[in-house]
1. Out of all the residues in the stretch 26-42, is one or more in a loop (DSSP other than H, G, I, E, B) and of a type outside the set (F, W, Y)?
2. Do you know which residues across the stretch 262-295 are touching a His at 6+ places or on another chain (Cβ under 9 Å) and not aliphatic (A, V, I, L, M)?
3. Restricting attention to the stretch 169-188, and to residues there that are touching a Leu at 6+ places or on another chain (Cβ under 7 Å) and buried (at least 19 other Cβ atoms within 10 Å of the Cβ), which single residue is nearest to K10 (Cα to Cα)?
4. Report, by residue number, each residue of the stretch 84-99 that is in contact with a Cys (Cβ under 9 Å, 6 or more places away or on another chain) and touching a residue at least 40 places away in the same chain (Cβ under 8 Å).
5. Only one of these conditions is not met by G99: (1) surrounded by fewer than 24 Cβ atoms within 10 Å (Cβ to Cβ); (2) within 29 Å of T157 (Cβ to Cβ). Which number is it?
6. Does L247 meet the test of being hydrophobic (A, V, I, L, M, F, W, C), at pLDDT 95 or above and within 21 Å of V17 (Cβ to Cβ)?
7. Among the residues of the stretch 128-150, is any crowded, with 19+ Cβ neighbours inside 10 Å, touching a residue at least 24 places away in the same chain (Cβ under 8 Å) and more than 17 Å from the chain's Cα centre (by Cα)?
8. Restricted to the stretch 189-207, and to residues that are surrounded by fewer than 18 Cβ atoms within 10 Å (Cβ to Cβ) and assigned to a helix (DSSP H, G or I), which residue is modelled with the lowest pLDDT?
Amino acid sequence: MSVTVRVPAKVNVQLAVGPARSDGFHPLANVFLAVGLYDEVTVTPADELRITCAGPDADQVPLDRTNLAARAAEALAARYGRDPGVHIHIAKDIPVAGGMAGGSADGAAALVACDALWGTGASREELLAICAELGSDVPFSLVGGAALGIGRGEQLTPLETGGTFHWVFAMAGRGLSTPAVFREFDRLGEGTDIPDPVASQELIAALAKGDPDALAATVSNDLQPAALSLFPELAATLATGRAAGALAALVSGSGPTTAFLVRDPESAAAVAQALVASGTCRTVRTALGPAPGATVAGAG
């Protein structure tokens, strides 16, 4: 018996970041959009908990208990008083360390897969609570679609989307540490009055209308200056995509993946071609959003 769960990447169409709290976390207004780049996580009964991984940059994925997929299995097993012995195999297609929540996606997928494999019958609310314990982006990986995340990003409100949005993603030649980007955000903001984060109602309306031009006019990422400070070469990638006709160009989350909103498949192809030719990035992918959250894709 095994269960396979398919789970999407995400792009932050708005990431508003407030000043650091006493616990070190930053309050966020985080508008997530799930996009059609997927990892597949397969769980199979085993004598002990172990993880394997295959796919692009699989060698960068931790295969120990720091992996969110392992932690998800352990958390669900502990809640239901059972042994977490399971083999978790991650078929990787979401960029690793790219600001697209690949690790969080794997955690959500493993949780859904183990719930199905073990027949625990956990409620949606229980699964979301475990996700929130695992990390700020994990609940959205479970939910998918589009959502506003507040608090650390884990308190979700689903958002309407009125159509399909076309994206191009450029993967950088190296990763960026999310904690390092937040530290740089704090450093850059020293001595300034950082406002509390607020979701853009214009952006939420643009998502609901399915209007790429209106969305392009409202996307924002408060972590982008910090990501560019740590990884200045990303500026050339952003400029290349804009010059090739992207409606909007931004760093995805904490980076270093850059995201380009385009109008249609033809525009996506043109922007992708220009990015590849520019030599400013390692690989380029196109994807559509919204995409469904963690979903059982097969059992046998």
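1. Checking the stretch 26-42: at least one residue is in a loop (DSSP other than H, G, I, E, B) and of a type outside the set (F, W, Y).
2. Residues satisfying the conditions are R263, D264, P265, S267, T286, G289.
3. If we take residues in the stretch 169-188 being touching a Leu at 6+ places or on another chain (Cβ under 7 Å) and buried (at least 19 other Cβ atoms within 10 Å of the Cβ), then A170 is nearest to K10 (Cα to Cα).
4. V86, I88, H89, I90, A91, K92
5. Status for G99: all satisfied but (1).
6. No; evaluated as a whole, the condition is false for this residue.
7. Yes, because at least one residue in the stretch 128-150 is crowded, with 19+ Cβ neighbours inside 10 Å, touching a residue at least 24 places away in the same chain (Cβ under 8 Å) and more than 17 Å from the chain's Cα centre (by Cα).
8. Restricting to residues being surrounded by fewer than 18 Cβ atoms within 10 Å (Cβ to Cβ) and assigned to a helix (DSSP H, G or I), the top hit is G189.
The values are calculated or read from the model by the stated rules, or taken from the named source; none is laboratory data. Quick caveat, the model's predicted, so the values are computed rather than measured. Note that we place each Cβ from the backbone using ideal geometry, even for glycine, and neighbour counts take in every protein chain shown.
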